[in-house]
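In what follows, a single structure is set out as structure tokens and then discussed.
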Amino acid sequence: MNCPFCGDSDNRVVDSRDVRSGLEVRRRRECSECGKRFTTYERVDELPTTVVKRDGRRESFDREKLLTGLLRACEKRPVPRRDLVAIVDVAESNLAARDVREISTEEIGNMVIEELRRLDQVAYVRFASVYRRFEDVNQFMDELKHLLIKEKKTDS
């Protein structure tokens, strides 16, 4: 590992910690040449999961893209970022455990949407409106009615 400051390859690990429930190792390193410290992350190199978009395009799964969508749905809502990161972690773990390396955006949405509903119903409706492509107020109303029916069942 080369130092990002001076480019020297001689450095030592000062501290190592597991992150993301043991899926990654965070290492603090110190350069022997310039003395500056920097952080590296180490994770198992897995076969990438390909996401099949609605229009048929394919791209690699990007956890940051999923997290950004969840953050956008939770904007100005009392949902801690760590809860959203946990949802993305679970989704990513589920993807890694699958034998099939392709998944549709619809399947990914289904993985996260119920967890989001449990966290915050407003964020759930926001996410659902994009994910399910609501095009008019009637679709919003249908989703809200569905949500209210689910709430009545869980309250009973």
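Which of the cysteines in the chain are isolated, no other cysteine C-beta under 4.7 Å?
C74
How would E106, E92 line up from fewest to most surrounding beta-carbon atoms within 10 angstrom?
On the way: E106 13, E92 20.
Listing E106, E92 from fewest to most nearby Cβ atoms yields E106, E92.
Just to be sure I understand, if you calculate Rg/Rh (Cα atoms, Kirkwood Rh) for this structure, which of (1) 1.15; (2) 1.01; (3) 1.11 do you get?
Read-out from the structure maps to (3).
Pick from T40, T50, T105: which residue has the top mean-square fluctuation in a GNM of the chain where Cα pairs under 10 Å get a spring?
T40
Mean residue ellipticity at 222 nm from the helices of the chain, using -39,500 (n - 2.57) per DSSP H segment of n ≥ 4 over the full residue count, to the nearest 500 deg cm²/dmol?
-15000 deg cm²/dmol
So how tilted is helix 105-119 from the main axis of the chain? Cα-based, degrees 0 to 90, rounded to 10.
Between the helix axis and the principal axis of the chain, the angle is about 80 degrees.
Measure nothing but the geometry: give the 0 to 90° angle between the long axis through the Cα atoms of 121-131 and the longest principal axis through the Cα atoms of the chain, rounded to 10°.
Compared with the principal axis, the helix lies near 90 degrees.
Report, in degrees rounded to the nearest 10, the 0 to 90 angle that the Cα long axis of helix 137-155 makes with the longest principal axis of the chain.
Between the helix axis and the principal axis of the chain, the angle is about 80 degrees.
Could you work out how far apart the two model spin labels at K65 and V44 are, taking each label as a point 7 Å from the Cα in the direction of the beta carbon, and quote it in nm?
It is 2.4 nm.
Assuming R0 = 41 Å, what is the FRET efficiency of T105 and V13, from their Cβ-Cβ distance, to the nearest 0.05? Mind showing how you got there, number by number?
On the way: r = 39 Å, r/R0 = 0.95.
With R0 = 41 Å, the Cβ-Cβ based efficiency is 0.60.
Values in this text are rule-based calculations from the coordinates and carry no lab data. Nothing here was measured: the structure is a model prediction, and the numbers come from that model. Here Cβ is always computed from backbone atoms with ideal geometry, including for glycine, and neighbour counts include all displayed protein chains.
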